[in-house]
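Below you'll find the structure, written out as structure tokens, and then a few comments.
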Amino acid sequence: MTATVRPLTADEIAADAFLALLWEAAGVDTDALIRIRDVELPTMTVVGTVEDGRVLGFAAFGADAHGADRAELHYIAVAHEARGTGLGSRLVDAARRADPTRPLYASTDDDAVDFYRRLGFVVSDAPDDPRWPARQRYDCLLEPLGDPAEALTTTARNGGRD
């Protein structure tokens, strides 16, 4: 899959198919999904890939919900038929590059913890979450890429080998 990761439009986010994908990310009832779509997502950066007018994957990220000095990956999901294509890692990369000087945080459960580990996140046990009382929760933290200007300087100094 080589579709470009780009900001999603309001119309793409409003589509019924997007709501189904948001359910994959949030796992909540329809009323809560609509609240997330209409209230939370407009405060975040939402990127994804679209093929034949359908969103195949998306990530919603922004300020940390707990006030920490880090970016937070609030929601991420990839359609079943697009899993295993690298789209999920490209979405995480887009979130990381949007704020390369701060760590990227995500919260997850057993369903996705190995995905985050494969991408280099440091994973630790998290407190129980009352929204999912029967599920083990994990905090995942990915170190920042660093100062983009410094990275360019280092690459130039090394003759483009970095």
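Please treat every number below as a calculation from the coordinates, not as lab data. Keep in mind it's a predicted model, so treat the numbers as computed, not measured. We place every Cβ from the backbone using ideal geometry, glycine too, and count neighbours over all the protein chains shown.
Rounded to the nearest 10 degrees, the angle from helix 148-157 to the longest Cα principal axis of the chain is 40 degrees. For the chain, modelled as a GNM whose springs connect Cα atoms under 10 angstrom apart, the maximal fluctuation among 99, 111, 69 occurs at 111. Helix 16-26 and the longest principal axis of the Cα set of the chain meet at an angle near 70°.
For the chain, the 222 nm mean residue ellipticity estimated from helices alone, with every DSSP H stretch of n ≥ 4 adding -39500 (n - 2.57) and the total spread over all residues, rounds to -8500 deg cm²/dmol.
Which entry in (1) 21.3, 76; (2) 16.4, 54; (3) 22.2, 77 is this structure's computed Rg and Dmax of the Cα atoms in Å? Here Rg and Dmax of the Cα atoms in Å agrees with entry (2).
Annotation for residue 114 and residue 30: the two label points, set 7 Å from Cα along the Cα-Cβ direction, are 3.4 nm apart. A crude spin-label estimate for the pair residue 131 and residue 64, with each label 7 Å from Cα along the Cβ direction, gives 1.8 nm. Taking 33, 73, 87 in turn, the Gaussian network model of the chain (Cα-Cα springs below 10 Å) assigns the largest fluctuation to 33.
The stretch 104-128 and the stretch 60-99 have Cα centres spaced 12 Å apart.
Across the chain, Cα pairs under 8 Å and at least six residues apart give a relative contact order of 17 percent. Summing charges over neighbours of residue 129, with a neighbour being any other residue whose Cβ is under 14 Å away from its Cβ, gives -3 when K and R count +1 and D and E count -1.
Largest GNM mean-square fluctuation across 81, 51, 12, computed for the chain with C-alpha springs under 10 Å, falls on 81. Annotation for residue 17 and residue 143: the two label points, set 7 Å from Cα along the Cα-Cβ direction, are 4.0 nm apart. About its Cα centre, the chain has a charge dipole of approximately 540 debye under the convention of +1 per Lys or Arg Cβ and -1 per Asp or Glu Cβ, with nothing else charged.
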